[in-house]
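> Following this message is one structure expressed as structure tokens.
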């Protein structure tokens, strides 16, 4: 055989072995969802199988999406790092802590997208408590994730304003971790040692319907406006290795938020179905119509959290911009 006849086969072999290996994306992912109306976009994504819908458009026909409920940001972050969880959800503070610990490492954790914002309100049954300065060692304040969650940091911010710089931890010892439904039941029951609850929508309205319960503080008082929101976060490894699945998640979230804006009745029905709530569609729609509850992918107030948490030692690394903590799909958003 003449040497020239070997060129074509050799070139073919070179191209085959030098081409980048196409790695299959995951066939099953696990997403953590929280409790309450702020997680409504996730409930819609789950109820309407929106992630699977957009995955199919990328020829990922057999993607399985498992939805789980985990207790607090620490467990979610551990799940992300172990690979047993692909997407976490909750308030901003667990993401800030995880990002600060993992930044620029192989296990780096970053934000996927914000999806809602609403105030959280500190409620109590104690008639003697009018301001946070009135809390004593006899009071117990329930919140979803004491020591880590957004409510905990908001309480620290309020304590610093009330008691002075260096005393942000004045009320830390009064906090206990408890889910919103359990804390609501405890507060309404009136017999638990938990007599206060840093509550969220729609639970706060159920609690305030009891004349023995009153509001002490709102996050809006601390931030001077909206500053508490829910979001998803993940590892940069998952983002890099599963671009089609990640893209499907982003498109699914956008459609879910669009459904809320266009059809609140349908959104309320999905909430009641997924959350297995006893409320009526009309009750949920009335909450969805409240202007303080917003569904959007644009974050606000993140820098207030990072500045405070860095100054008080909760994190050892401060981002130059909120975008440092988020994946590239957020780069063009006007958040702050």
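The values are calculated or read from the model by the stated rules, or taken from the named source; none is laboratory data. Predicted model only: the values in this text are computed from it and were never measured. So basically every Cβ, Gly included, is an ideal-geometry build from the backbone, and we count neighbours across all protein chains shown.
> Would you call residue 251 crowded, with 16+ Cβ neighbours inside 10 Å, under 19 Å from the mean Cα position of the chain (by Cα), more than 24 Å from residue 151 (Cβ to Cβ) and in the same structural domain as residue 88 (by TED's automatic domain parsing)? Working first, answer last.
Details: crowded, with 16+ Cβ neighbours inside 10 Å: yes; under 19 Å from the mean Cα position of the chain (by Cα): yes; more than 24 Å from residue 151 (Cβ to Cβ): yes; in the same structural domain as residue 88 (by TED's automatic domain parsing): yes.
Considered against the rule, which asks whether it is crowded, with 16+ Cβ neighbours inside 10 Å, under 19 Å from the mean Cα position of the chain (by Cα), more than 24 Å from residue 151 (Cβ to Cβ) and in the same structural domain as residue 88 (by TED's automatic domain parsing), residue 251 comes out as yes.
> Now for a separate question. Could you tell me which residue of segment 212-236 is farthest from residue 187 (Cα to Cα), considering only residues that are modelled with pLDDT of 85 or more and under 16 Å from the mean Cα position of the chain (by Cα)?
235
> Please verify whether segment 263-281 includes one or more residues that are in a loop (DSSP other than H, G, I, E, B), touching a residue at least 24 places away in the same chain (Cβ under 8 Å) and either within 27 Å of residue 66 (Cβ to Cβ) or assigned by TED's automatic domain parsing to the domain that holds residue 78 (or both).
yes
> Looking at the structure I just gave you, is residue 81 in a loop (DSSP other than H, G, I, E, B) and either modelled with pLDDT of 95 or more or surrounded by 15 or more Cβ atoms within 10 Å (Cβ to Cβ) (or both)?
Here the answer is no, as residue 81 does not meet what is asked.
> Another question, if that's okay. I'd like the full set of residues that are over 19 Å from residue 235 (Cα atoms) and touching a helix residue (DSSP H, G or I) at 6+ places or on another chain (Cβ under 9 Å), limited to segment 306-320.
Going residue by residue through segment 306-320, those that are over 19 Å from residue 235 (Cα atoms) are 306-314, 316, 320.
Answer for segment 306-320, where residues must be over 19 Å from residue 235 (Cα atoms) and touching a helix residue (DSSP H, G or I) at 6+ places or on another chain (Cβ under 9 Å): 306, 308, 309, 310, 312, 314, 316.
> Moving on. In this structure, does residue 151 turn out to be in a helix (DSSP H, G or I) and under 20 Å from residue 219 (Cβ atoms)?
yes
> Additional query: Out of 188, 208, report the one residue that is surrounded by fewer than 21 Cβ atoms within 10 Å (Cβ to Cβ) and in contact with a helix residue (DSSP H, G or I) (Cβ under 9 Å, 6 or more places away or on another chain).
188
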